[in-house]
Amino acid sequence: MATKIEFLGHSVFQIHTAGKTLLFDPFFTGNPVASVTADAVNPDVILLTHGHGDHVGDVVEIAKRTGALVISNYEIEAWLQKQGVENTHSMHIGGAHKFDFGTVKLTQAFHGSMLPDGSNGGSPAGIVLRLEDGVIYHAGDTGLFSDMQLIAEESLDVAILPIGDNYTMGPEDSIRATQFLSVPNVIPCHFNTWPLIEQDADGWAKLIRENTEAEPVVLKPGEAWTLD
Ligand code: NI
Ligand code: MN
C-alpha cells in the first residue's frame with residue numbers, strides 16, 4: 001500500500017502508511033486553516049517537531065482520547081507526562097529509533113521551542129521518517145542551514161519545508177534548502193495561516209522549478225499526495 005501524505009493546514013500533516021496513521025504537529029484549535037477539527041483525527045502515532053503552540057496544538061487532548069504514541073524530544077515528553085499523557089517516547093537530535101511503522105530520526109532545526117505555558121521545550125527538531133516505501137523529512141520550523149547537505153545523505157523522497165518567512169525560512173531560502181537536500185519532491189508549509197506569513201504558492205512553485213531539480217507539490221488544507 002502506497003504511503004499517503006495529507007496536509008491538514010499550517011504544519012499539520014497526516015501520513016497514512018502500512019495501515020497506520022501518523023500525525024505531525026497536531027494544531028487544530030485556533031488554526032484558521034485547519035481542514036478538520038481535533039476530535040476528527042484518530043492517529044496511532046503523533047510526532048512533534050517543537051514546543052510552540054502552533055505545533056503541539058491539541059496533542060494532549062488527542063493523545064488522551066486515542067492513546068496514540070507521542071514521539072518528541074525529552075523536554076516535551078516531560079511536559080506531556082505532567083499533563084497525564086502516558087504513551088510517550090522521547091528522543092533527541094541525531095538519534096534514530098526503529099518503531100513498528102518505520103524509523104524516526106530527529107535532526108537539528110534553528111528555531112525556539114518554548115511550550116505554551118512557558119516550560120522549557122528543549123531544542124527544536126526536524127524529523128526524518130523512514131518508511132517501507134519512502135523517506136519523508138519534515139523540517140519543522142527552521143531557518144536555512146548548510147548541514148541540510150548531511151540530511152541529503154538520508155536519500156529523501158520528499159521534504160516538507162516552511163516557506164512563510166518571518167518565523168522560519170522564506171521562499172528564497174527554501175530554494176537553497178531544496179538544493180542542499182537533493183530531494184525530488186518538496187511540499188511547502190507554515191504559510192498563509194495568518195497575514196504575517198502570507199506567500200504566493202504558485203510563485204514559489206515556479207521558483208522551485210526554475211532553480212532546482214525538485215517537483216513542487218503545493219497542497220491545500222485537506223489535500224493529499226501519494227508517495228510512490
Ligand atoms: Ni515554532
Ligand atoms: Mn510555527
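Laboratory data are not the source of any read-out in this text; all were calculated from the coordinates shown. Please read all numbers here as calculations on a predicted model, not as lab measurements. Note: ideal-geometry Cβ built from the backbone for every residue, glycine included; neighbour counts use all protein chains shown.
In whole angstrom, how long is each semi-axis of the equivalent ellipsoid of segment 75-124, when you take the square root of 5 times every eigenvalue of its Cα gyration tensor and sort them from largest down?
20, 17, 6
Under the definition of Cα pairs under 8 Å and six or more residues apart, what whole-number percent is the relative contact order of segment 3-222? Mind showing how you got there, number by number?
On the way: 533 pairs, mean separation 34.6, N = 220.
Computed over segment 3-222, the figure is 16 percent.
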Take the alpha carbon atoms of segment 146-179, find their center, do the same for segment 30-92, and report the distance between the two centers in whole angstrom. 24
Please report Rg over Rh for segment 173-228, where both radii come from the alpha carbon positions and Rh follows the Kirkwood definition. 0.96
Given just the C-alpha atoms of segment 3-222, how large is their convex hull per residue in cubic angstrom? 104
Straight-line reach from K20: which lysines fall under 30 Å, measuring Cα to Cα and dropping same-chain residues less than 8 apart? K4, K64, K82, K98, K105, K220
Sum of side-chain charges, W204 neighbourhood, beta-carbon under 15 Å (Lys, Arg +1; Asp, Glu -1): -4
Antiparallel versus total DSSP beta bridges in the chain: what percent is that, nearest 5? 60
Any idea which of G143, G170, Q14 is furthest toward the positive side of the dipole for segment 3-222, if Lys and Arg beta-carbons carry +1 and Asp and Glu beta-carbons -1? Q14
Sequence-separation-based contact order of segment 5-130, relative, with Cα cut under 8 Å and 6+ spacing, percent: 20
Across H55, H138, H16, the residue with the highest GNM fluctuation in the chain (Cα network, 10 Å cutoff) is H16
Over segment 1-43, what relative contact order in percent results from Cα pairs under 8 Å that are six or more residues apart? 32
DSSP loop (so not H, G, I, E, B), at most 14 other Cβ within 10 Å: list which GluC sites (Glu not before Pro) in segment 151-228 pass both filters. E198, E213, E223
